[in-house]
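The values are calculated or read from the model by the stated rules, or taken from the named source; none is laboratory data. None of these values were measured; they are calculated from a predicted model. Please note: Cβ atoms are built from the backbone with ideal geometry, for glycine as well, and neighbour counts cover all protein chains shown.
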Amino acid sequence: MKQSLIERTSGRLTQFLEPVRVNSTKVGAMNFRRVHGRYLITNDAGYFALLTAHNFKRYLEGRIREDEPLYQELQDKGFIKGAKIDSSALTKVFREKNGFLWCKGPALHMLVVTLRCNQLCQYCHASVVGPSRFETDMSLETARRTVDFVFQTPGQHIGIEFQGGEPLLNWPIVKFVTEYARLKNKTAKRSLTIGLVTNMSLMDAEKLKYMMDHRVSICTSLDGPPEVHDQNRPFLGGGPSQKKVVQGIKNIFEVCHSGKYMRCNLPGALLTSTRFSFPYYKEIVDLYAELGLAHIFIRPMSPIGYAKRAWPQIGYTPQEFCRFYEKTLDYVLEMNRNGKPLIEKMASLLLTKILTRRDPGFMDMRSPTGAVLGCLAYNFNGDIFTSDEGRMLSHEGDDSFKVGNVYESDWEGVLTYPTTRICSSASVLDSQPLCSQCAYKPFCGICPVYHYETQNNISGLMPASGWCQTRMGIFDVIFKKLQDPANMKIFNGWLEIERRHLEALEAVGAPDAA
């Protein structure tokens, strides 16, 4: 099957080169794409090579000599057929790259402890309610059953993440889940990490001390300077919120650097890009660097829920986002060259896949997607969803991505639920006609919820997919930057920092750290 795809490429190569005759006895299975004047070739093991037009033509025609270094590189990576190809080594690389396929259970468990929130974010797709709506708080019994269900899943690593609404509005349940999970883990002996996603407005000294004492990492939303953040994320009833976030981040750094809590995670922040962000890309990066944050995550919005209704005011085309992404990444790289370390998280995650052929746990960029196999979302009432995006649709009255409830379901039932199977099969890239022939297939993934919401098709129609266009544009940017050795040096430095950070997280989450 792969060979027939290669043989059929000769007809479409004329859009790039003069006509060539593909030497099917020498060219291994691969896909290709022209990126910034070079030809990117990739294969299912996750290997890639960037070739000049001249070398790409020689490769296709089988004219690269065996005594050339390029020949040895391409042979080692599985791009050249022949007796010398090490199939066992390539199989091992493929298995390690796709280790999540041998399902060990979801590693990320997102608990929505309340839908209440004190902000009215323009892009919020969580369908939050006002602070007085206590009926949307998770109860103590639901919290207990949710943690019990989490520990039913078989994965060695368990990551619990508090979401909302604003989780701190249901502070007693945050505390209960934290302590109950730590207690259960004394027997389960898993690698357990706990995190909180908060808007910082209710984070006081007492709560912060509790978070630090119980090794709960803290992440917030920071969309940039007040001109952007306050427009995106006003308080309910109006009023700026950016100062609260900035002060909250500074407070966490101060506590972490005091000496007592050196093992605790430093704060993280997430950027949601709206059209208001585009003119302020330098100011956004400067703010993250000034605060001492390790990462900036340039994320595109998804037109789901409320964000879908607000899209005419805050949205953009995939092309507009990719231009913003490249300008911002260029500025981050410039900052690194000037000795100011800051990691762009989107690039870091994708580079982990591209340069190390390891899965970084980026659920949206897996084939099949991380829904259920890598993550689960639990609503305040105990309903279980394939992902947080699937949970968000429930608040629009659509339970299509619900796979159970903690009062009724067990892990085996959720894993074998029809929706789980459908999401998994719909997100396998090899079953997509265009994705199966895309050079970015080894590093990419698709989101069933996104395509269900935007195209009314759980598998997605890739030629018209904003998801596909945006991710393809991001990959184009990254492979363009990889052609500069100075950028490659910075990227490898990022991956080394990320490796050490992962080791530190594993140490914090180890059973003997409890």
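What to note about this one:
- Residue within the stretch 462-478 that is over 30 Å from ASP330 (Cα atoms) and buried (at least 21 other Cβ atoms within 10 Å of the Cβ) present: no
- Between GLY445, GLY473, the distinction of being within 21 Å of SER302 (Cβ to Cβ) and assigned to a loop (DSSP other than H, G, I, E, B) belongs to GLY445 only.
- Lone unmet requirement of (1) surrounded by 22 or more Cβ atoms within 10 Å (Cβ to Cβ); (2) part of a loop (DSSP other than H, G, I, E, B); (3) in contact with a Gly (Cβ under 7 Å, 6 or more places away or on another chain) for GLY224: (3)
- Just one of the listed residues (LEU111, LEU120) is surrounded by 19 or more Cβ atoms within 10 Å (Cβ to Cβ), in the same structural domain as ASN170 (by TED's automatic domain parsing) and touching a residue at least 24 places away in the same chain (Cβ under 8 Å), and it is LEU111.
- Matching entry among GLN469, GLN483 (being out of contact with any Leu (no Cβ under 7 Å at 6 or more places or on another chain) and over 24 Å from GLY374 (Cα atoms)): GLN469
- Some residue of the stretch 37-54 being modelled with pLDDT under 95 and aromatic (Phe, Trp, Tyr): no
- The number of residues in the stretch 91-123 that are within 18 Å of the chain's Cα centre (by Cα) and either among the charged types (D, E, K, R) or part of a loop (DSSP other than H, G, I, E, B) (or both) comes to 5.
- Residues of the stretch 401-456 classified as out of contact with any helix residue (DSSP H, G or I) (no Cβ under 7 Å at 6 or more places or on another chain) and at positive phi, total: 1
- Within the stretch 282-307, the residues that satisfy the criterion of being surrounded by 21 or more Cβ atoms within 10 Å (Cβ to Cβ) and either of a type in the set (Ser, Thr, Tyr) or without any contact (Cβ under 8 Å) to a residue 12 or more places away in the chain (or both) are TYR288, SER302.
- Filter pass, VAL428 being in contact (Cβ under 8 Å) with a residue 40 or more places away in the chain and farther than 30 Å from TYR39 by Cβ: no
- Only residues that are out of contact with any Ser or Thr (no Cβ under 7 Å at 6 or more places or on another chain), more than 19 Å from LYS104 (Cα to Cα) and surrounded by fewer than 23 Cβ atoms within 10 Å (Cβ to Cβ) were counted across the stretch 129-160, and they come to 12.
- Every residue from the stretch 129-155 that is within 16 Å of THR114 (Cβ to Cβ) and aromatic (Phe, Trp, Tyr): PHE134
- Applying the criterion of being over 21 Å from GLU389 (Cα atoms) and either part of a helix (DSSP H, G or I) or touching a helix residue (DSSP H, G or I) at 6+ places or on another chain (Cβ under 8 Å) (or both) to the residues of the stretch 124-138, the residue that is modelled with the highest pLDDT is GLU135.
- Single residue of GLY105, GLY99, GLY46, GLY28 found to be free of Cβ contacts under 8 Å to residues at least 60 places away in the same chain and of a type in the set (Gly, Ala, Ser): GLY28
- Within the stretch 480-492, considering residues that are closer than 16 Å to LEU349 by Cα and in contact (Cβ under 8 Å) with a residue 40 or more places away in the chain, the one surrounded by the fewest Cβ atoms within 10 Å (Cβ to Cβ): ASN492
- Taken over the stretch 139-159, residues that are under 30 Å from ALA507 (Cβ atoms), polar (S, T, N, Q) and modelled with pLDDT of 95 or more amount to 3.
- Residues of the stretch 139-151 that are over 26 Å from the mean Cα position of the chain (by Cα), among the hydroxyl-bearing types (Ser, Thr, Tyr) and assigned to a helix (DSSP H, G or I): THR142 alone.
- Each residue in the stretch 402-417 was checked for being within 18 Å of GLN163 (Cα to Cα) and assigned to a loop (DSSP other than H, G, I, E, B), and 1 of them qualify.
- SER459 vs. criteria touching a Cys at 6+ places or on another chain (Cβ under 8 Å) and either assigned by TED's automatic domain parsing to the domain that holds GLY46 or modelled with pLDDT under 95 (or both): no
- When residues of the stretch 375-405 are limited to those that are surrounded by 19 or more Cβ atoms within 10 Å (Cβ to Cβ), among the small types (Gly, Ala, Ser) and modelled with pLDDT of 95 or more, the one nearest to the chain's Cα centre (by Cα): ALA377
- Among the conditions (1) closer than 20 Å to ILE41 by Cβ; (2) not in a loop (DSSP other than H, G, I, E, B), the only one that ALA439 does not satisfy is (2).
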